[in-house]
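A.B. asks: Got a structure for you, questions after.
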Amino acid sequence: MDKSKRFFLKSKRSFRRRLPPIQSGDRIDYRNMSLISRFISEQGKILSRRVNRLTLKQQRLITIAIKQARILSLLPFLNNEKQFERGASTVRTIGLRTRNK
């Protein structure tokens, strides 16, 4: 075989096809927390379509479901481990005067 024709041959490597993350039986709904939680990062952000391997229509439906779940308090808006607490010695400013509480 000529060296010039070798480059145009397809490689015989087999690619493993990944399964879609949402099967046809799964219903995209704000109440389906097991499905929704797969598409949220540890910080509580919605993962991108490229990372999720979703179609455009599926990504839109997932985004709407996540936002509805957040509004209904099923999901947190932020998933921070650090909780900010106000101490007893917080200084408040009222106008030009400062007052210790």
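A.B. asks: Taking the condition of being in a helix (DSSP H, G or I) and farther than 16 Å from ALA69 by Cβ, how many residues in segment 32-55 meet it? Walk me through how you get there before you give the answer.
C.D. replies: Applying the first criterion (in a helix (DSSP H, G or I)) to segment 32-55 yields 33-39, 49-52.
Next cut, farther than 16 Å from ALA69 by Cβ only: 49-52.
Qualifying residue count for the region: 4.
A.B. asks: Report yes if ILE64 is modelled with pLDDT of 95 or more and loosely packed, with under 15 Cβ neighbours inside 10 Å, otherwise no. Show your work before the answer.
C.D. replies: Working: modelled with pLDDT of 95 or more: yes; loosely packed, with under 15 Cβ neighbours inside 10 Å: yes.
So ILE64 fits the description; yes.
A.B. asks: May I ask you to list pairs of residues, at least six apart or on different chains, whose Cβ atoms are under 6 Å apart, with the first in segment 74-85 being modelled with pLDDT of 85 or more and the second being open to solvent by less than 80 Å² (accessible area, probe 1.4 Å)?
C.D. replies: Close Cβ pairs satisfying both conditions: LEU75/ALA69; PRO76/GLY44; PHE77/ARG70; LEU78/GLY44.
The values are calculated or read from the model by the stated rules, or taken from the named source; none is laboratory data. Because the structure is predicted, anything quoted here is derived from the model rather than measured. Virtual Cβ from ideal backbone geometry, glycine too; neighbours counted across all protein chains shown. Remember, those area values only see protein heavy atoms, side chains included, never the ligands or the DNA or RNA. Shrake-Rupley method; radii C 1.70, N 1.55, O 1.52, S 1.80 Å.
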